Structures are given as C-alpha cells and as structure tokens.
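Enquirer: Quick one: the structure is below, and I'll ask about it shortly.
The values are calculated or read from the model by the stated rules, or taken from the named source; none is laboratory data. Computed from a predicted model, the values in this text were never measured in an experiment. Note that each Cβ is placed from the backbone with ideal geometry, even for glycine, and that neighbours are counted across all protein chains shown. These area figures cover heavy atoms from the full protein model, side chains too; ligands, DNA and RNA do not enter into them. Shrake-Rupley method; radii C 1.70, N 1.55, O 1.52, S 1.80 Å.
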Amino acid sequence: MPSTLRSLVEAGKVTNFVTPDGIVVDLFSEPDLSPPDPDPHRGFTRVNHLAFDIDPQLFDQAVEVLKQNQIPIDHGPVTRPTGRGIYFYDPDGFMVEIRCDAIE
C-alpha cells in the first residue's frame, strides 16, 4: 500500500479490504457527494468512481485502447507520486479510473 494511502486509512478517510485472492478494494470517504437519487434504479449516485489497478507496463496501452474506441475521457492521464491514472465514463455515464502504481 502506498504511504499516502496508508495515512488516509489511519485518518479514517479510506477503508481498505483485501479479498482472499489478493484483490484490494479501497472505499474513500466522500462527504460532499449529492444526496442519493430518489429513483431506486440509480443506485450508484452516492459513488464518485470505480478504479481498477493495472500493471504499470500496460498503462499507456490501456490509454490508447480508450482513445481508439472513442471512450469519453473525463481527465487524465495524470501522474502522481503514487502512480498514474486516467478517468473515463462507462456507457451508463459512470466514472471509472484505470490506475497503476509508480514504477519503482
């Protein structure tokens, strides 16, 4: 776990789960989200985005696949001390992130 994420977990701003097969699920606190949508078919209105980690060696290729398929990109690619990410929208308009750790 990157040190920046560790400090967020310790501060209670992120909850971190690891499944038995090693998949990591991080739930970030987002207190400023809009109230839930009253329409029960829009259950993800209280979620900011879903992120998937990939191998750093595959990140540029993933960005190219998004561009080639004309996937609507919200922002990115961005580079941070913890790695790189790109944010885009799925067909339902839900924001998704593909991210990778920094190359060591």
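Enquirer: Take 64, 104, 10, 97 and sort them by solvent-accessible surface of the protein heavy atoms, 1.4 Å probe, largest at the top.
Expert: Numbers: 64 85, 104 210, 10 145, 97 15 Å².
The ranking, largest first, comes out as 104, 10, 64, 97.
Enquirer: Eigenvalues of the Cα gyration tensor times 5, then square-rooted: what semi-axes does that give for region 53-104, in whole angstrom, largest first? Please report the intermediate quantities before stating the final value.
Expert: Values: eigenvalues 76, 27, 14 Å².
Ellipsoid semi-axes (Å, largest first): 19, 12, 8.
Enquirer: Based on the mean of other beta carbon atoms within 10 Å per residue, what is the order of 49-60, 67-78, most packed first? Let's see the in-between values first.
Expert: Values: 49-60: 13.4, 67-78: 11.8.
Top of the packing list down: 49-60, 67-78.
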